[in-house]
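Report on one structure; see the data block that follows.
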Amino acid sequence: MNRAFDVTTSLLATMARLGSGAVVGGLGARPEKTLELYEFEGCPFCRKVREALSILDLDAMVYPCPKGGPRFRPEVERRGGKQQFPYLVDGNAGVEMYESDDIVSHLWQRYGTGRPPLALSLGPLTDVSAMLASATRLGSGASYRPAKRPDKPLELWSFEASPFCRIVRERLCELEIPYWLRNVAKGSPSRESFVARSGKMMVPYLVDPNQGVAMFESADIVAYLERTYIE
Ligand SMILES: N[C@@H](CCC(=O)N[C@@H](CS)C(=O)NCC(=O)O)C(=O)O
């Protein structure tokens, strides 16, 4: 896809959700064990959960499940009984769950201040705007492209409302590359340590421990992922 078109449509996706996932909200307890999320970028229901993670400043291990993906889709079916996404594993609470609204409520009860914000509480309106956000990207981040499997997961600093981060997450998803999602939305307490590590406050920022690579710039990251992992 043409870069200007990519950025414009990704920005439209953010606008369809009125920027939800740009700013951190009221935070509660922090998880000891890593949250695990099985999802795919083109799925509107998964977007709701990713917004929740950004607002609650929660990191997660993301296992991408693009359509046709041979690796993590069957794992979800083994664990939960069906291939439906999003699917959250929270070892802190001893729960594994489907259903975006249930996941969002769980996250707010456990790691927030009780009730999700309006943007994630409007039922059909929330779902329709999330579907609109997915539609603007014309199926990007929904289907598997055969790729090499990295030995170690990659790490991505990101937040949901950033159009540039979305473009990178789409590619990670299509290539079925698992990654630590490090959320650093505006107001995130993690921003300071991120800047100390990376040198500046800019996302997306990708670290690939398999190749000893760390980089900014969504276009460069996408080119790197394609060069390194597409078979
Ligand atoms: N009510 C569910 C709907 C989830 C849903 O329909 N997810 C779709 C993807 S957007 C799905 O899992 N489809 C099966 C598939 O992709 O194989 C929720 O909110 O989580």
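The values are calculated or read from the model by the stated rules, or taken from the named source; none is laboratory data. Remember, it's a predicted structure, so these values are computed and weren't measured experimentally. So basically every Cβ, Gly included, is an ideal-geometry build from the backbone, and we count neighbours across all protein chains shown. Protein only, heavy atoms only, side chains kept; ligands, DNA and RNA dropped before computing areas. Shrake-Rupley method; radii C 1.70, N 1.55, O 1.52, S 1.80 Å.
Once you charge only the Cβ atoms, +1 for Lys and Arg and -1 for Asp and Glu, what is the size of the charge dipole of region 1-69 about its Cα centre, to the nearest 20 debye? Each step should come with its number before you reach the end.
Working: 8 positive and 8 negative charges, 37 e Å.
That gives a dipole near 180 debye.
Might you tell me the accessible area per residue for region 12-113, computed with a 1.4 Å probe and given in Å²? Mind showing how you got there, number by number?
On the way: 3910 Å² over 102 residues.
Result: 38 Å² per residue.
Kindly provide the Kirkwood hydrodynamic radius of region 26-78 in Å, to one decimal, from all pairs of distinct alpha carbon atoms.
Numbers: mean 1/r = 0.0822 Å⁻¹.
Here the Kirkwood hydrodynamic radius works out to 12.2 Å.
Please pull out the direction-averaged projected area of the chain, using the convex hull of its alpha-carbon atoms, in nm² to one decimal place. Kindly include the intermediate steps, with their values, before the conclusion.
Numbers: hull surface 45.8 nm².
Reported value for the Cα convex hull: 11.5 nm².
Would you mind giving the three semi-axes, in whole Å and largest first, of the ellipsoid equivalent to region 1-125 according to its Cα gyration tensor?
Working: eigenvalues 102, 88, 31 Å².
Values for region 1-125, descending: 23, 21, 12 Å.
Percent of accessible area on the chain owned by carbon and sulfur, 1.4 Å probe?
Working: 5400 of 9830 Å².
Using a 1.4 Å probe with all protein chains present, the chain comes out at 55 percent carbon and sulfur.
Work out the charge dipole of region 1-147 with +1 on the Cβ of Lys and Arg and -1 on the Cβ of Asp and Glu about the Cα centre, then indicate which of F5, V76, P31 is farthest towards its positive end.
F5
Using Cβ-Cβ distances only, list the Cys residues of the chain with no partner cysteine under 4.7 Å, sorted by number.
C65, C165, C173
In percent, how large is the relative contact order of region 168-231, given Cα pairs closer than 8 Å and 6 or more residues apart? Could you put the intermediate results ahead of the total?
Working: 36 pairs, mean separation 19.8, N = 64.
Answer for region 168-231 is 31 percent.
Would you mind putting 2-9, 221-228 in packing order, based on average other-beta-carbon counts within 10 Å, highest first? Each step should come with its number before you reach the end.
On the way: 2-9: 13.0, 221-228: 16.6.
Descending mean neighbour count gives 221-228, 2-9.
In whole percent, what relative contact order does the chain give with Cα contacts below 8 Å and a gap of six or more residues? Don't jump to the answer; show the numbers that get you there.
Working: 452 pairs, mean separation 62.9, N = 231.
That works out to 27 percent.
Note down the magnitude of the dipole of the chain about its Cα centre, charges +1 on Lys and Arg C-beta and -1 on Asp and Glu C-beta and zero elsewhere, to the nearest 20 debye. Spell out each step's value before the answer.
Values: 29 positive and 28 negative charges, 34 e Å.
The dipole of the chain has a size of about 160 debye.
Just to be sure I understand: if I project the alpha-carbon convex hull of region 152-201 onto a plane and average over all orientations, what area do I get in nm²?
Details: hull surface 14.9 nm².
Projected area, direction-averaged: 3.7 nm².
Add -39500 (n - 2.57) for each DSSP H run of 4 or more in the chain, then divide by its residues: what number comes out at 222 nm, to the nearest 500 deg cm²/dmol? Intermediate results must be reported in sequence, preceding the final value.
Numbers: 8 runs with 92 residues, N = 231.
The helix contribution divided over the chain gives -12000 deg cm²/dmol.
Nothing charged except the Cβ atoms of Lys and Arg (+1) and of Asp and Glu (-1): what's the magnitude of the dipole of region 83-156 about its Cα centre? Round to the nearest 20 debye. Please list the in-between numbers first.
Working: 7 positive and 8 negative charges, 76 e Å.
My answer is approximately 360 debye.
Suppose R0 equals 35 Å. What FRET efficiency, 1/(1 + (r/R0)^6) with r the Cβ-Cβ distance, do I230 and Q83 give to the nearest 0.05?
Working: r = 24 Å, r/R0 = 0.69.
Efficiency computed from Cβ-Cβ geometry: 0.90.
Have a look at Q109, V184, L125 and report the one farthest towards the positive end of the charge dipole of the chain, computed about the Cα centre with Cβ charges (Lys/Arg +1, Asp/Glu -1).
V184
Once the Cβ-Cβ distance between A223 and M61 is put in as r, and R0 is 22 Å, what FRET efficiency do you end up with, to the nearest 0.05? Intermediate results must be reported in sequence, preceding the final value.
On the way: r = 25 Å, r/R0 = 1.13.
In this case the efficiency is close to 0.35.
Calculate, in nm to one decimal, what V213 and V23 gain on full extension: separation in residues at 0.36 nm each, minus their alpha carbon distance.
Roughly 65.6 nm would be gained on extension.
Using only Cα atoms, figure out Rg for region 85-189 and give it as a multiple of 2.2 N^0.38 Å.
1.18
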